[in-house]
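So that we are looking at the same thing, I have put the structure below in structure tokens.
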Amino acid sequence: MAFSKDNLKGFVLALLSSFFIGSSFIIKKKGLRRAAAASGVRAGVGGFTYLLEPLWWVGMAIMIVGEVANFVAYAFAPAVLVTPLGALSIIVSAVLAHFILHEKLPQLGILGCVMCIAGSIIIVIHAPQESPITSVQEIWSLATQPAFLLYVASVIVLVFILIFHFAPRCGNTNALVFIGICSLMGSLSVMSVKALGTSLKLTFEGKNQLLYPDTWFFMLVVAICVIMQMNYLNKALDTFNTAVVSPIYYVMFTSLTILASVIMFKDWDGQTAASIISEICGFVVVLSGTILLHTTKDFERIQRFEFWELLTIGIAKRISTHELWIRSKSA
């Protein structure tokens, strides 16, 4: 299937978004290090001096630019194309960390980067073309079709069950609870973002969509979903290791978003079975590369921890043996 102009615009914007977001992590971390060196108090233990560090604000501004580019990308290209490309920000972050922060990127990490790039290329080549949308009312008709309403109802029921039944019982011991909530809400937020972005694009083209209440409804849904998504993502990050949360969240969020997009916007209608299977394979390759990258980071962290722990235990044992020898001599 030919690569349309809108798909190309969405692809370029998604690439720029990944570059900006990935590099913003490195710039903000440099700012955090500078602030910690100047004040002696790290942000992780309650320090807020990084708010006075210009470099941290530069990183924050670059991240905002990246998020805006990602928002606009959904107005041009299907979520099946845009969402998996978010994994490229991990590659940008890992590569820049290797050269700027001197955080070693191991061979398995390099393999993970290659897998993400290869999977992204497969997805881009076989990405579907969306039917042109001329008004927000068309999007509303897609959002109110029975299949998507059933998906929305299922998401709401699952979120309520997770919040009121599972979160109080095992939210602090099972990472899937908090991550499940923010992933489910995230899939709805992306559909709303795409609807809102398309409405704004049409408005800038001269077809004012702000006159319709549908546009404002999608804006309200975006606000509610994003707030809930960020709230429970922060809970997950505060409770569990980042190396555990990030890959699980990426897998669940991306899978649910693609499912929601396929149901609402019918991304796979008109595509051949070979193209759909190729997209799924590319998506699996991207997921595998992402998980491999995070697993490698976590494995190295554990190795470093175990080395220093064993070294500490060894030193402690030698000291205690030496003390016992001295006591036996003095006796």
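Give me the number: length gained by fully extending I121 to K104, i.e. 0.36 nm times residue separation minus the C-alpha to C-alpha distance, one decimal in nm. Could the numbers behind the result be given before it?
Numbers: separation 17, 0.36 × 17 = 6.12 nm, distance 2.59 nm.
Additional length available on full extension: 3.5 nm.
Can you put E53, E67 in order of accessible area, largest first, using a 1.4 Å probe? Let's see the in-between values first.
On the way: E53 30, E67 95 Å².
The ranking, largest first, comes out as E67, E53.
Now a separate question. Roughly how much of L51 is accessible, in Å² to the nearest 10, using a 1.4 Å probe?
70 Å²
In what order, largest first, do H126, H294 sit by accessible area if the probe radius is 1.4 Å?
Largest accessible area first, the list is H126, H294.
Continuing with this model, one more query. Can you count the Lys pairs in the chain with C-alpha separation below 25 Å, eight or more apart or on different chains?
24
Okay, next question. With Cβ to Cβ distances under 12 Å as the rule, what net charge do the other residues near L101 carry (K, R +1; D, E -1)? Kindly include the intermediate steps, with their values, before the conclusion.
Details: positive: K28, K29, K30, R33, K104; negative: E103.
That works out to +4.
Using a 1.4 Å probe and ignoring any ligands, DNA or RNA, find the accessible area of I90 and quote it in Å² to the nearest 10.
30 Å²
Another question, if that's okay. By its C-alpha gyration tensor, with a ≥ b ≥ c as the square roots of the eigenvalues, how is the stretch 107-262 shaped: rounded for a/c under 1.5, else prolate for a/b larger than b/c, else oblate? Intermediate results must be reported in sequence, preceding the final value.
On the way: a/c = 2.25, a/b = 1.31, b/c = 1.71.
Note, shape of the stretch 107-262 comes out oblate.
Any idea how far apart T203 and D238 come out in nm if each label point goes 7 Å out from Cα toward Cβ?
My value for the distance between the label points is 3.4 nm.
Ignoring everything but the protein chains, give the 1.4 Å probe accessible area of K29 in square angstrom, nearest 10.
80 Å²
Quick check for you: with a 1.4 Å probe and neighbouring chains kept, what is the accessible area per residue of the stretch 165-221, in Å²? The partial results should precede the final answer.
Numbers: 2540 Å² over 57 residues.
Heavy-atom SASA per residue in the stretch 165-221 reads 45 Å².
Sticking with this structure for a sec: Please say if the stretch 98-175 is rounded, prolate or oblate, where rounded means a/c under 1.5 for a ≥ b ≥ c the square roots of the C-alpha gyration tensor eigenvalues, and otherwise the choice is prolate for a/b larger than b/c and oblate otherwise?
Details: a/c = 3.24, a/b = 1.24, b/c = 2.62.
Because a/c hits 1.5 or more and a/b fails to exceed b/c, the stretch 98-175 counts as oblate.
Let me ask something else about it. Can you list the HN-Hα couplings for the stretch 152-158, worked out from phi with the Karplus curve (6.51, -1.76, 1.60; θ = phi - 60°), rounded to whole Hz and with x for Gly and Pro?
4, 4, 5, 5, 4, 4, 4
Give me the percent of the accessible area of the chain that comes from carbon and sulfur atoms, probe 1.4 Å, all protein chains in place. List each step's numbers first, then the result.
On the way: 12630 of 17730 Å².
About 71 percent, which is the carbon plus sulfur part of the accessible surface.
The values are calculated or read from the model by the stated rules, or taken from the named source; none is laboratory data. Just so it is clear, the model here is predicted, and its values are computed rather than measured. With ideal geometry, Cβ positions are generated from the backbone for all residues, glycine too; neighbour counts draw on all protein chains shown. Quick note on the areas: whole protein, heavy atoms, side chains included, nothing else; ligands and nucleic acids left out. Shrake-Rupley method; radii C 1.70, N 1.55, O 1.52, S 1.80 Å.
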